[in-house]
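Single-structure report; data block below.
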Amino acid sequence: MSKEQQNKDVVGRWFKEYWGNPWNPGVVDDLAAPDIVVHYPLHGPWKGPEVVKRKMTEFREAFPDLNFWGVGDLIAEGDFVVGRWDGGGTHTGPAFDDIALGSLPANSGKSMRFTGTTVFRLQDGKIVEEIGEEGALTALQGLGIVPKKAA
C-alpha cells in the first residue's frame with residue numbers, strides 16, 4: 001500500500017471517528033501526533049491531544065447531534081491529505097463560547113449546517129496538523145450570531 005493510501009486511510013478514520021457521530025475520543029490517542037494542531041477560523045487553534053479531546057467534548061456537549069462527514073474522494077500527495085466535508089448540529093446543550101464572534105446561551109435550539117475543506121499533514125502515520133476553512137458565515141447565520149441578509 002502506498003504512503004498516500006495509508007495517509008488517506010488515517011484521515012478517513014479521523015473523519016468517521018473524530019468528526020462523525022457517534023464520536024470515539026480514543027481515536028485521538030490512536031491517530032494524533034503529540035504536537036497536533038487543529039485549526040479552523042471559527043474556533044482558533046486547538047493544540048495537543050488533550051486539548052483536542054477536551055474541545056471536542058465541549059463541542060459535543062453543546063451540540064449533542066454534531067456530525068461531520070467527508071464528501072467526495074480524499075486527495076493525497078506525500079504527507080498531505082485534503083478532504084471536503086459537510087455537517088453541523090443543533091445547539092441543545094450547555095452554553096457555548098468557543099465561537100470567535102460570540103457565544104450561545106444554554107440550549108439555544110439553533111442549528112448550523114455548513115461545509116468546508118481541510119488539509120491534513122501527517123508524519124509517521126499520525127496527524128500533525130488539521131488546518132481547515134469552514135463555511136463560518138453560514139454557521140454563524142444559522143446560530144443567529146450574524147444576521148442573514150434579507151432577500
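The values are calculated or read from the model by the stated rules, or taken from the named source; none is laboratory data. It should be emphasised that the depicted structure is a prediction, and the values quoted were computed from it without experimental measurement. Heads up, the Cβs are rebuilt from the backbone with ideal geometry, glycines too, and the neighbour counts pull from every protein chain shown. Ligands, DNA and RNA are stripped out before the accessible areas are found, and what is left, the full protein with its side chains, is counted by its heavy atoms. Shrake-Rupley method; radii C 1.70, N 1.55, O 1.52, S 1.80 Å.
Worth pointing out:
- Leading residue by the ranking (least open to solvent (accessible area, probe 1.4 Å)) among those in segment 123-137 that are in contact with a Leu (Cβ under 8 Å, 6 or more places away or on another chain) and charged (D, E, K, R): Glu134
- In segment 47-71, the residue that is least open to solvent (accessible area, probe 1.4 Å) out of those that are assigned to a strand (DSSP E or B) and under 19 Å from Trp85 (Cα atoms) is Phe68.
- Only one of the listed residues (Thr90, Thr115) is under 17 Å from the mean Cα position of the chain (by Cα), open to solvent by 60 Å² or more (accessible area, probe 1.4 Å) and among the β-branched types (Val, Ile, Thr). That residue is Thr115.
- Gly142 meets all of the listed conditions (1) out of contact with any Leu (no Cβ under 9 Å at 6 or more places or on another chain); (2) without any contact (Cβ under 8 Å) to a residue 60 or more places away in the chain; (3) open to solvent by 50 Å² or more (accessible area, probe 1.4 Å) but one, namely (3).
- Top-ranked residue in segment 5-25 [being among the polar types (S, T, N, Q) and open to solvent by 30 Å² or more (accessible area, probe 1.4 Å); ranked as nearest to Asp124 (Cα to Cα)]: Gln6
- The residues of segment 26-39 that are open to solvent by 20 Å² or more (accessible area, probe 1.4 Å) and within 22 Å of Ile99 (Cβ to Cβ), listed by number, are Val37, His39.
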